[in-house]
Amino acid sequence: MQNEKKSALIWLRNDLRIKDHFGFYNAARNCDKIFAYFSFEPAKFEDTKWGFKKTEKFRTLFLIQTLKCLKDELKKKNITLIVDINSATVGIPKFIDSLKITDLFYQYEWTKEESNLSDSVKKAISKKIKIHTYYDQFLYHPKDISYELDTIPEVFTIFRKSCEKNTLVRKVFPEITTFPSTNLLDEEFTIPRLDDFGFSEFYPPPFSAFPFSGGSKNGYNRLKEYLWDTKKISTYKETRNGLVGKDYSSKFSAWLANGSLSAREIYWQVKDYEKKVKKNQSTYWMIFELIWRDYFKYVSLKHGNNIFMLDGILKKRYDWKSNHKILMSWINGDTIEPFVNANMIELKKTGWMSNRGRQNTASFFSKHLFMDWRIGAAYFESQLIDYDVHSNYGNWMYVSGVGNDPRDRKFDISWQSEKYDPQKKFQKLWIK
């Protein structure tokens, strides 16, 4: 008896790449046909109750660029990228039926909106198919760490030291083979434009610290440039608190956030660089930051929706405010602190802000203005090109005193300004 032909649908979300991708690798090995699917979930482009969009123009453009790149890369492998402007709850069941899909692959997501969407999709599928879910967004795979999820340490240093000592980073998946041209669908799926979401074309200032475009190809180019061409990684620890220019930090976070680069790929490239060029505190610090990124994912895995609650994971109560006038002065860079203002203007005009800027503006919002930290987190979600739900809410909780920093520290903004922008170079760039 002949084996049943298998057809796979890869539902893409924040894993917008073909290289080092669990779904593509395993589907290519086990299925006769493969199709990729991405939905511009309408809910992600609605207005929030605080008066700004859930996803602003900067990340929307980066996403459009990413999908164009991915579509081209998939076509070289004779795989069609289906792009849908309807919700996956409508699109996936439709394509499962029309393409006679036997296997559905998707990266497991556990945060509230993402898991609700997964549940809705599963309920909407009428045909009996095999569903494969997987963790593919980590540096250290959950099956490999020496903790059960409910025992993840509340202190980063303990988690980091344990992983460094006891856990190996998995190797990247081999590149998949090219499918026969008959695997391609006749239909060509159009990727929406910026104006389809109500945004006008825009041009960030020429001195933007993030002059990059979306897509794996551009992510790899940046990786090559930052490590191998300029060797900037060798001074990363000294420059990472910078504010001006594209090279004070790696900027890898934007490609990591939508999964067009994997953390494993970066890790193994850094390890290769250490062997061939130089190993020092800076190269280690790049990996250190990748572990921080992992840690916030584990924090949200452990604590679930508590990361979105006012009292955070510490269940700590403060007298928070929700004042629209104060919010707008912070958003528009019109507060009493020029250093905060410069960072907020940069964010508003480019969709980017340095790590140093994020800590200061978030601390000012929660510890000086005493505003509900979740509003600030939602604004960052709206604006940031490199928004990642785990890092964003994890960092906001941390700075606001309801997360993984129980010491309840408050940034001295004037001191920070003097230390990190002593000549006011950054402030003069943005405050006219």
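Each reported figure results from applying straightforward, stated rules to the coordinates on display, with no laboratory input. If you're wondering where the values come from, they're calculated on a predicted model, not measured in any experiment. Ideal geometry is used to build each Cβ from the backbone, glycine not excepted, and the neighbour counts take in all protein chains shown.
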(message) Need one number: nm distance between label points at ASP119 and ASN78, each 7 Å from Cα along Cα→Cβ, rounded to one decimal.
(response) 4.1 nm
(message) Eigenvalues of the Cα gyration tensor times 5, then square-rooted: what semi-axes does that give for the stretch 357-420, in whole angstrom, largest first?
(response) 18, 14, 11
(message) Quick check: net charge around LYS6, other residues with Cβ under 12 Å of its Cβ, Lys/Arg +1 and Asp/Glu -1?
(response) +2
(request) Compute from the Cα atoms of the stretch 199-307 the Rg and the Dmax, the latter being the longest Cα-Cα distance, and quote both in angstrom. (result) 15.2, 47
(message) In the stretch 7-135, if the dipole is taken from +1 on Lys/Arg beta carbons and -1 on Asp/Glu beta carbons about the Cα centre, which of PHE40, PHE58, LEU9 is farthest to the positive end?
(response) LEU9
(request) Compute from the Cα atoms of the stretch 310-430 the Rg and the Dmax, the latter being the longest Cα-Cα distance, and quote both in angstrom. (result) 13.5, 41
(message) Please report, in whole Å³, the volume per residue of the convex hull around the C-alpha atoms of the stretch 86-139.
(response) 83 Å³
(request) Please give the FRET efficiency for ASP319 paired with ILE131, using the beta carbon to beta carbon distance and R0 = 45 Å, rounded to the nearest 0.05. (result) 0.50
(request) Let me see the pair-distance distribution of the stretch 1-66: every alpha carbon pair, 10 Å bin width, integer percents in order. (result) 17, 36, 25, 15, 6, 1, 0
(message) With the cut-off at 18 Å, tell me which of the pairs LYS232/LYS419; LYS112/LYS302; LYS19/LYS76 have Cα atoms farther apart than that.
(response) LYS232/LYS419
(request) Please work out how much length the chain gains when fully extended from ILE326 to LEU310, using 0.36 nm per residue of separation minus the C-alpha to C-alpha distance, in nm with one decimal. (result) 3.9 nm
(request) Report the full-extension gain for the segment THR230 to ASN14: residue separation times 0.36 nm, less the Cα-Cα distance, to one decimal in nm. (result) 74.9 nm
(message) Residues of the stretch 395-416 with the amide nitrogen closer than 18 Å to a label point 7 Å from the Cα of LYS161, along Cα-to-Cβ, please.
(response) 405-406
(request) Could you sort out which of LYS224/LYS276; LYS165/LYS251; LYS75/LYS130; LYS6/LYS128; LYS6/LYS68; LYS33/LYS75 sit more than 21 Å apart by Cα distance in this structure? (result) LYS165/LYS251; LYS75/LYS130; LYS6/LYS68
(request) Set the Förster distance to 41 Å, then compute FRET efficiency between ILE336 and TRP110 from the Cβ-Cβ distance, nearest 0.05. (result) 0.55
(request) Please provide three numbers in whole Å: the alpha-carbon extents of the stretch 244-335 along the principal axes, with the largest listed first. (result) 54, 35, 26
(request) May I have the pair-distance distribution P(r) for the stretch 7-135, computed from all Cα-Cα distances with 5 Å bins from 0 and rounded to whole percent? (result) 2, 10, 20, 23, 21, 14, 6, 3, 1, 0
(message) Are there DSSP H segments in the chain that both extend 30 Å or more along their axis (alpha-carbon positions) and score a mean Kyte-Doolittle hydropathy of at least -0.5? List them, or say none.
(response) 281-303
(request) Quick one: plug the Kirkwood hydrodynamic radius of the chain (C-alpha pairs) into Stokes-Einstein at 37 °C, 0.692 mPa s, and report D in µm²/s. (result) 144 µm²/s
(request) Provide the packing ranking of 4-14, 164-174, 69-79, 250-260, i.e. peptides ordered by the mean count of other C-beta atoms within 10 Å per residue, highest first. (result) 250-260, 4-14, 69-79, 164-174
